[in-house]
Every structure is written in structure tokens, then in C-alpha cells.
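The values are calculated or read from the model by the stated rules, or taken from the named source; none is laboratory data. Values in this document were obtained by computation on a predicted structure and should not be read as measured data. Cβ placement follows ideal geometry from the backbone for every residue including glycine, while neighbour counts extend to all protein chains displayed. Note: areas computed on protein heavy atoms with side chains; ligands, DNA, RNA excluded. Shrake-Rupley method; radii C 1.70, N 1.55, O 1.52, S 1.80 Å.
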Amino acid sequence: MEQAQKALQALSEEYQNLQAELETIILARQKLESQQQENQAVQQEFASLDDDSNIYKLVGPVLLKQEKSEAVMAVDGRLEFIEKEIKRIEGQIQEINNKSDKKRTEIIQLQSQIQQQQAAAGAIAA
């Protein structure tokens, strides 16, 4: 009986760890989505500019002039990277959700076993 309680405790801790990891990964995805929205806004701004418009890039405390084509390529590259990262993180989220579901099932089964053992022990004692 005590061994089952220890196993239940271990499973519960594993489940809590998975939930904490999931929360961290979801926060990372939210940050990436925010960056994606910012870069999409910049991309839309670039689309409305003429090819000969002045574009400046902030490098440390200095604004450096940049060609529109370079700036567009940089933003497009950033967006592509962000999209790949979001897909990768979504895969991690799915994987952790699957692991969490398995742990939750194991916990429920073990709790059920413990309850049956307690009921059986109670019936014998009575």
C-alpha cells in the first residue's frame, strides 16, 4: 500500500513538472507570436513605401541608412525564422500534452487501484 502511495506521489510530481514545462513553452510561443505581429506590421509598412524611400536601422545608439531591399530581406528572413520556431514549439507543446495525458491516465489508474485495495482492506477488517 505504501509503495503504491509513493508511486502515486512520483507520478504526481512528474505530471506537475510537465505542466510547468508546458507553461514555459507556451510563454515562449506567445513571445514569438508577438514578434511575428511586429515584423508583419513592419513588412506592411515597407510594402507601402516607395523603392527610393529612406529606411534607417537602429544599431546601438546610432541610426544607419539601409537600402529598402536589404531591410525587406531582413524582415522576411526574421518572419521565416519566427514561423519555423512557432511550428517547432507547437510540436513540443503537442508532445508535452501527450505525455501529460499519459501521466494523468496512469495517476487515475493508480488512484483507482489504491481505492480498491483500501476497500478490500476495509472489508477484511470489518
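Before moving on, here are some points about what is shown:
- Test: residue in segment 35-43 that is within 17 Å of I93 (Cβ to Cβ) and not charged (D, E, K, R): yes
- Looking across S53, S112, one residue alone is farther than 30 Å from L8 by Cβ, over 18 Å from the mean Cα position of the chain (by Cα) and hydroxyl-bearing (S, T, Y). It is S53.
- Annotation: of all residues in segment 16-31 being free of Cβ contacts under 8 Å to residues at least 24 places away in the same chain and under 14 Å from E85 (Cβ atoms), the one that is most open to solvent (accessible area, probe 1.4 Å) is K31.
- Members of segment 69-106 found to be hydrophobic (A, V, I, L, M, F, W, C) and surrounded by 12 or more Cβ atoms within 10 Å (Cβ to Cβ), listed by number: A71, V72, A74, V75, L79, F81, I82, I86, I89, I93, I96
- Residue in segment 68-86 that is at pLDDT below 95 and among the acidic types (D, E) present: yes
- Taken together, A4, A10 contain a single residue that is open to solvent by less than 70 Å² (accessible area, probe 1.4 Å) and over 28 Å from I93 (Cβ atoms), which is A4.
- Some residue of segment 31-51 being under 19 Å from N98 (Cβ atoms) and either at pLDDT 95 or above or among the small types (G, A, S) (or both): no
- Those residues of segment 32-67 which are over 11 Å from L79 (Cα atoms), part of a helix (DSSP H, G or I) and open to solvent by 60 Å² or more (accessible area, probe 1.4 Å), in sequence order: Q44, E45, A47, S48
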